[in-house]
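The values are calculated or read from the model by the stated rules, or taken from the named source; none is laboratory data. Predicted model, so just to flag it, every value in this text is computed and none were measured. Glycine also receives a Cβ, built like all others from the backbone with ideal geometry; neighbour counts cover every protein chain displayed.
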Amino acid sequence: MISSYVRDIRTLPADLLTGWQTAGLAGVKTQFTARTLHRAFLKLHYLVIEQDLSAVRRLRPPEGVVIEQSDGERRRLDPILTSHNRESFDARIAAGRTCLFAHRGGRPLGYTWISDRVDPEIELLPLALPGDAAYLWALFVTRSERGRGIGSALTSARLAAAKALGFRLGWRAVSPANRPSMRTVEKTGADRIVGEVKITKILGRLYSREVPYGDQPVLRVTR
Ligand SMILES: CC(C)(COP(=O)(O)OP(=O)(O)OC[C@H]1O[C@@H](n2cnc3c(N)ncnc32)[C@H](O)[C@@H]1OP(=O)(O)O)[C@@H](O)C(=O)NCCC(=O)NCCS
(Lines give C-alpha, C1' and ligand atoms only; values in the text may rest on other atoms or scores of the structure.)
Protein backbone atom coordinates (compact mmCIF):
# COMPACT_ATOMS: atom_id res chain seq x y z
CA MET A 1 0.00 0.00 0.00
CA ILE A 2 2.72 2.46 1.08
CA SER A 3 4.86 1.48 -1.93
CA SER A 4 2.00 2.38 -4.28
CA TYR A 5 1.73 5.84 -2.69
CA VAL A 6 5.50 6.31 -3.04
CA ARG A 7 5.24 5.29 -6.69
CA ASP A 8 2.27 7.68 -7.15
CA ILE A 9 4.41 10.58 -5.93
CA ARG A 10 7.54 9.51 -7.84
CA THR A 11 5.70 9.19 -11.17
CA LEU A 12 3.51 12.30 -10.74
CA PRO A 13 5.71 14.97 -12.41
CA ALA A 14 6.36 12.97 -15.61
CA ASP A 15 2.75 11.77 -15.78
CA LEU A 16 1.37 15.29 -15.33
CA LEU A 17 3.47 16.35 -18.32
CA THR A 18 2.35 13.37 -20.44
CA GLY A 19 -1.27 14.00 -19.32
CA TRP A 20 -1.01 17.64 -20.38
CA GLN A 21 0.65 16.83 -23.71
CA THR A 22 -1.77 14.06 -24.68
CA ALA A 23 -5.07 15.20 -23.16
CA GLY A 24 -4.70 18.81 -21.93
CA LEU A 25 -6.32 19.92 -18.67
CA ALA A 26 -8.46 16.77 -18.60
CA GLY A 27 -5.26 14.69 -18.72
CA VAL A 28 -3.74 16.62 -15.79
CA LYS A 29 -6.97 16.19 -13.80
CA THR A 30 -7.00 12.45 -14.56
CA GLN A 31 -3.47 12.06 -13.17
CA PHE A 32 -4.41 13.87 -9.95
CA THR A 33 -7.74 12.14 -9.35
CA ALA A 34 -6.32 8.68 -10.14
CA ARG A 35 -3.88 9.21 -7.24
CA THR A 36 -6.33 10.82 -4.83
CA LEU A 37 -10.14 10.68 -5.05
CA HIS A 38 -10.32 7.67 -7.41
CA ARG A 39 -8.18 5.59 -5.06
CA ALA A 40 -11.07 5.78 -2.60
CA PHE A 41 -14.13 6.25 -4.80
CA LEU A 42 -14.98 5.89 -8.48
CA LYS A 43 -18.35 5.76 -10.24
CA LEU A 44 -18.75 4.77 -13.90
CA HIS A 45 -21.70 4.25 -16.23
CA TYR A 46 -21.36 2.42 -19.54
CA LEU A 47 -23.55 1.27 -22.38
CA VAL A 48 -22.45 -2.19 -23.48
CA ILE A 49 -22.65 -2.21 -27.27
CA GLU A 50 -22.39 -5.16 -29.62
CA GLN A 51 -21.21 -4.77 -33.21
CA ASP A 52 -21.65 -7.37 -35.94
CA LEU A 53 -18.24 -7.89 -37.52
CA SER A 54 -19.74 -8.98 -40.84
CA ALA A 55 -21.02 -5.44 -41.39
CA VAL A 56 -17.99 -3.30 -40.59
CA ARG A 57 -17.72 0.05 -42.30
CA ARG A 58 -14.10 0.62 -43.27
CA LEU A 59 -12.90 4.16 -42.57
CA ARG A 60 -9.44 5.17 -43.69
CA PRO A 61 -7.14 7.22 -41.49
CA PRO A 62 -6.28 10.76 -42.65
CA GLU A 63 -3.49 11.28 -45.18
CA GLY A 64 -0.06 10.33 -43.81
CA VAL A 65 -1.44 8.39 -40.83
CA VAL A 66 -0.77 4.65 -40.66
CA ILE A 67 -2.52 2.12 -38.42
CA GLU A 68 -0.67 -1.04 -37.57
CA GLN A 69 -0.66 -3.86 -35.07
CA SER A 70 1.91 -3.54 -32.31
CA ASP A 71 4.58 -6.22 -32.22
CA GLY A 72 4.67 -5.74 -28.44
CA GLU A 73 7.55 -3.25 -28.56
CA ARG A 74 6.28 -0.57 -26.18
CA ARG A 75 8.98 2.00 -27.01
CA ARG A 76 7.11 3.01 -30.16
CA LEU A 77 4.19 4.19 -28.02
CA ASP A 78 6.07 5.46 -24.95
CA PRO A 79 5.81 9.20 -25.85
CA ILE A 80 2.02 9.09 -25.36
CA LEU A 81 1.92 6.68 -22.40
CA THR A 82 1.87 7.58 -18.71
CA SER A 83 3.68 5.31 -16.24
CA HIS A 84 0.39 3.54 -15.48
CA ASN A 85 -0.29 3.09 -19.22
CA ARG A 86 3.19 1.58 -19.64
CA GLU A 87 2.59 -0.98 -16.91
CA SER A 88 -0.82 -1.80 -18.42
CA PHE A 89 0.70 -2.11 -21.90
CA ASP A 90 3.27 -4.66 -20.69
CA ALA A 91 0.65 -6.64 -18.71
CA ARG A 92 -1.76 -6.73 -21.67
CA ILE A 93 0.90 -7.85 -24.15
CA ALA A 94 2.12 -10.51 -21.70
CA ALA A 95 -1.50 -11.71 -21.39
CA GLY A 96 -1.79 -12.06 -25.19
CA ARG A 97 -3.97 -9.01 -25.90
CA THR A 98 -3.70 -7.20 -29.26
CA CYS A 99 -2.82 -3.53 -29.60
CA LEU A 100 -3.37 -1.43 -32.72
CA PHE A 101 -1.78 1.98 -32.95
CA ALA A 102 -1.81 4.98 -35.24
CA HIS A 103 1.33 6.91 -36.15
CA ARG A 104 2.56 9.53 -38.57
CA GLY A 105 6.11 8.81 -39.71
CA GLY A 106 6.72 6.81 -36.54
CA ARG A 107 5.30 9.49 -34.17
CA PRO A 108 2.54 7.78 -32.13
CA LEU A 109 -0.90 9.44 -32.24
CA GLY A 110 -3.23 6.94 -30.61
CA TYR A 111 -3.96 3.32 -29.84
CA THR A 112 -6.62 0.79 -28.98
CA TRP A 113 -6.91 -2.79 -27.70
CA ILE A 114 -8.58 -6.09 -28.62
CA SER A 115 -9.12 -8.80 -26.02
CA ASP A 116 -10.21 -12.35 -26.72
CA ARG A 117 -11.45 -12.75 -23.14
CA VAL A 118 -12.17 -10.65 -20.07
CA ASP A 119 -9.94 -10.97 -17.04
CA PRO A 120 -10.82 -8.53 -14.22
CA GLU A 121 -7.07 -8.04 -13.60
CA ILE A 122 -6.56 -6.84 -17.18
CA GLU A 123 -9.85 -5.53 -18.58
CA LEU A 124 -11.32 -4.48 -15.21
CA LEU A 125 -14.98 -4.77 -16.29
CA PRO A 126 -16.36 -8.27 -15.51
CA LEU A 127 -18.29 -8.48 -18.80
CA ALA A 128 -20.16 -11.65 -19.78
CA LEU A 129 -18.39 -11.69 -23.13
CA PRO A 130 -19.93 -14.29 -25.50
CA GLY A 131 -17.48 -16.92 -26.84
CA ASP A 132 -17.64 -15.53 -30.38
CA ALA A 133 -17.12 -11.90 -29.29
CA ALA A 134 -13.96 -9.86 -28.85
CA TYR A 135 -13.81 -7.03 -26.31
CA LEU A 136 -12.77 -3.82 -28.08
CA TRP A 137 -11.57 -1.19 -25.67
CA ALA A 138 -9.13 1.48 -24.46
CA LEU A 139 -9.44 3.74 -27.49
CA PHE A 140 -7.24 6.83 -27.23
CA VAL A 141 -6.10 9.61 -29.55
CA THR A 142 -3.70 12.30 -28.41
CA ARG A 143 -5.46 15.65 -27.90
CA SER A 144 -3.82 17.63 -30.71
CA GLU A 145 -4.86 14.98 -33.27
CA ARG A 146 -8.51 14.59 -32.26
CA GLY A 147 -11.40 15.41 -34.58
CA ARG A 148 -9.51 14.38 -37.74
CA GLY A 149 -10.89 10.87 -38.11
CA ILE A 150 -8.08 8.93 -36.40
CA GLY A 151 -10.34 7.58 -33.61
CA SER A 152 -12.93 6.41 -36.17
CA ALA A 153 -10.22 4.83 -38.36
CA LEU A 154 -8.73 3.03 -35.32
CA THR A 155 -12.23 1.79 -34.41
CA SER A 156 -12.83 0.54 -37.93
CA ALA A 157 -9.39 -1.13 -38.13
CA ARG A 158 -10.02 -2.72 -34.73
CA LEU A 159 -13.30 -4.25 -35.92
CA ALA A 160 -11.61 -5.58 -39.07
CA ALA A 161 -8.71 -6.99 -37.02
CA ALA A 162 -11.13 -8.70 -34.61
CA LYS A 163 -12.92 -10.25 -37.58
CA ALA A 164 -9.59 -11.45 -39.02
CA LEU A 165 -8.84 -13.05 -35.63
CA GLY A 166 -11.98 -15.17 -36.12
CA PHE A 167 -14.54 -13.31 -34.02
CA ARG A 168 -18.15 -12.75 -35.14
CA LEU A 169 -19.00 -9.94 -32.74
CA GLY A 170 -17.31 -7.01 -31.03
CA TRP A 171 -18.33 -5.72 -27.60
CA ARG A 172 -17.61 -2.22 -26.36
CA ALA A 173 -18.35 -0.38 -23.12
CA VAL A 174 -18.91 3.30 -23.84
CA SER A 175 -20.00 6.12 -21.57
CA PRO A 176 -23.18 7.62 -23.12
CA ALA A 177 -21.80 11.05 -22.16
CA ASN A 178 -18.72 10.48 -24.33
CA ARG A 179 -20.03 11.86 -27.61
CA PRO A 180 -16.83 11.36 -29.68
CA SER A 181 -16.63 7.74 -28.57
CA MET A 182 -20.33 7.11 -29.26
CA ARG A 183 -19.83 8.55 -32.76
CA THR A 184 -17.03 6.04 -33.43
CA VAL A 185 -19.60 3.29 -32.78
CA GLU A 186 -22.33 4.85 -34.91
CA LYS A 187 -19.96 5.45 -37.82
CA THR A 188 -18.43 1.99 -38.07
CA GLY A 189 -21.26 -0.47 -38.48
CA ALA A 190 -24.22 -2.44 -37.21
CA ASP A 191 -24.63 -2.02 -33.49
CA ARG A 192 -27.11 -2.82 -30.76
CA ILE A 193 -27.09 -1.99 -27.08
CA VAL A 194 -26.86 -5.17 -24.99
CA GLY A 195 -27.38 -3.37 -21.69
CA GLU A 196 -26.02 -0.88 -19.19
CA VAL A 197 -23.39 -1.29 -16.50
CA LYS A 198 -22.89 0.82 -13.41
CA ILE A 199 -19.63 0.40 -11.55
CA THR A 200 -18.76 1.80 -8.15
CA LYS A 201 -15.31 1.32 -6.69
CA ILE A 202 -15.08 1.96 -2.96
CA LEU A 203 -11.70 1.60 -1.26
CA GLY A 204 -10.42 -0.77 -3.95
CA ARG A 205 -13.53 -2.97 -3.99
CA LEU A 206 -15.60 -3.12 -7.16
CA TYR A 207 -19.42 -3.14 -7.02
CA SER A 208 -21.14 -3.63 -10.35
CA ARG A 209 -24.77 -3.46 -11.39
CA GLU A 210 -26.23 -4.36 -14.76
CA VAL A 211 -29.41 -3.46 -16.62
CA PRO A 212 -29.73 -6.00 -19.46
CA TYR A 213 -31.84 -4.84 -22.41
CA GLY A 214 -32.81 -8.43 -23.33
CA ASP A 215 -32.18 -12.01 -22.18
CA GLN A 216 -28.44 -11.74 -22.56
CA PRO A 217 -26.47 -11.11 -19.35
CA VAL A 218 -24.07 -8.17 -19.48
CA LEU A 219 -21.90 -8.96 -16.47
CA ARG A 220 -20.35 -12.26 -15.48
CA VAL A 221 -20.72 -11.62 -11.77
CA THR A 222 -23.26 -9.33 -10.14
CA ARG A 223 -22.28 -8.08 -6.74
C1 LIG B 1 -12.81 9.13 -28.32
C2 LIG B 1 -11.59 9.53 -29.15
C3 LIG B 1 -10.66 8.33 -29.29
C4 LIG B 1 -12.05 9.97 -30.54
O5 LIG B 1 -10.90 10.22 -31.32
P6 LIG B 1 -10.92 11.25 -32.56
O7 LIG B 1 -9.67 11.02 -33.32
O8 LIG B 1 -11.22 12.61 -32.11
O9 LIG B 1 -12.17 10.66 -33.36
P10 LIG B 1 -12.71 11.19 -34.76
O11 LIG B 1 -11.91 12.34 -35.25
O12 LIG B 1 -12.84 10.01 -35.63
O13 LIG B 1 -14.12 11.76 -34.36
C14 LIG B 1 -15.19 10.91 -34.03
C15 LIG B 1 -16.47 11.73 -33.94
O16 LIG B 1 -16.48 12.47 -32.72
C17 LIG B 1 -16.72 13.84 -33.02
N18 LIG B 1 -16.00 14.63 -32.03
C19 LIG B 1 -14.67 14.76 -31.90
N20 LIG B 1 -14.40 15.56 -30.85
C21 LIG B 1 -15.59 15.94 -30.34
C22 LIG B 1 -15.98 16.75 -29.25
N23 LIG B 1 -15.08 17.34 -28.47
N24 LIG B 1 -17.31 16.91 -29.00
C25 LIG B 1 -18.24 16.29 -29.76
N26 LIG B 1 -17.93 15.50 -30.81
C27 LIG B 1 -16.62 15.33 -31.09
C28 LIG B 1 -16.20 14.05 -34.40
O29 LIG B 1 -16.78 15.18 -34.99
C30 LIG B 1 -16.60 12.74 -35.08
O31 LIG B 1 -17.97 12.73 -35.41
P32 LIG B 1 -18.46 13.13 -36.89
O33 LIG B 1 -17.79 12.19 -37.82
O34 LIG B 1 -19.92 12.99 -36.82
O35 LIG B 1 -18.01 14.53 -37.15
C36 LIG B 1 -10.81 10.72 -28.49
O37 LIG B 1 -11.72 11.76 -28.27
C38 LIG B 1 -10.14 10.35 -27.17
O39 LIG B 1 -9.03 9.83 -27.15
N40 LIG B 1 -10.80 10.66 -26.03
C41 LIG B 1 -10.25 10.36 -24.72
C42 LIG B 1 -10.28 8.86 -24.41
C43 LIG B 1 -11.66 8.30 -24.56
O44 LIG B 1 -12.64 8.89 -24.14
N45 LIG B 1 -11.72 7.10 -25.15
C46 LIG B 1 -12.94 6.38 -25.40
C47 LIG B 1 -13.13 5.34 -24.36
S48 LIG B 1 -14.49 4.27 -24.85
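All of S156, S181 fail the test of being near the ligand (Cβ under 6 Å from one of its atoms), surrounded by 14 or more Cβ atoms within 10 Å (Cβ to Cβ) and assigned to a helix (DSSP H, G or I), apart from S181. Name the residue that is nearest to D52 (Cα to Cα), counting only residues in segment 160-178 that are within 8 Å of the ligand (Cβ to nearest atom) and exposed (fewer than 15 other Cβ atoms within 10 Å of the Cβ). If we take residues in segment 160-178 being within 8 Å of the ligand (Cβ to nearest atom) and exposed (fewer than 15 other Cβ atoms within 10 Å of the Cβ), then S175 is nearest to D52 (Cα to Cα). I'd like to check something: does segment 132-153 contain any residue that is near the ligand (Cβ under 10 Å from one of its atoms), assigned to a helix (DSSP H, G or I), at pLDDT 95 or above and under 14 Å from the mean Cα position of the chain (by Cα)? Yes, segment 132-153 contains a residue that is near the ligand (Cβ under 10 Å from one of its atoms), assigned to a helix (DSSP H, G or I), at pLDDT 95 or above and under 14 Å from the mean Cα position of the chain (by Cα). The residue of segment 81-131 that is farthest from R168 (Cα to Cα), among those that are among the acidic types (D, E) and assigned to a loop (DSSP other than H, G, I, E, B), is E121. Scanning segment 125-169 for residues that are among the aromatic types (F, W, Y) and in contact with a Leu (Cβ under 7 Å, 6 or more places away or on another chain) returns Y135, F167.
Kindly list the number of the only condition in (1) under 22 Å from G19 (Cβ atoms); (2) at pLDDT 95 or above that fails for L124. Among (1) under 22 Å from G19 (Cβ atoms); (2) at pLDDT 95 or above, the lone unmet condition for L124 is (2).
Picking from residues in segment 91-115 that are within 15 Å of the chain's Cα centre (by Cα) and more than 13 Å from the ligand (Cβ to nearest atom), the one that is surrounded by the fewest Cβ atoms within 10 Å (Cβ to Cβ) is A91.
So which of D119, D71, D90 ends up being over 27 Å from V28 (Cα atoms) and touching a residue at least 12 places away in the same chain (Cβ under 8 Å)?
On inspection, the qualifying residue turns out to be D119.
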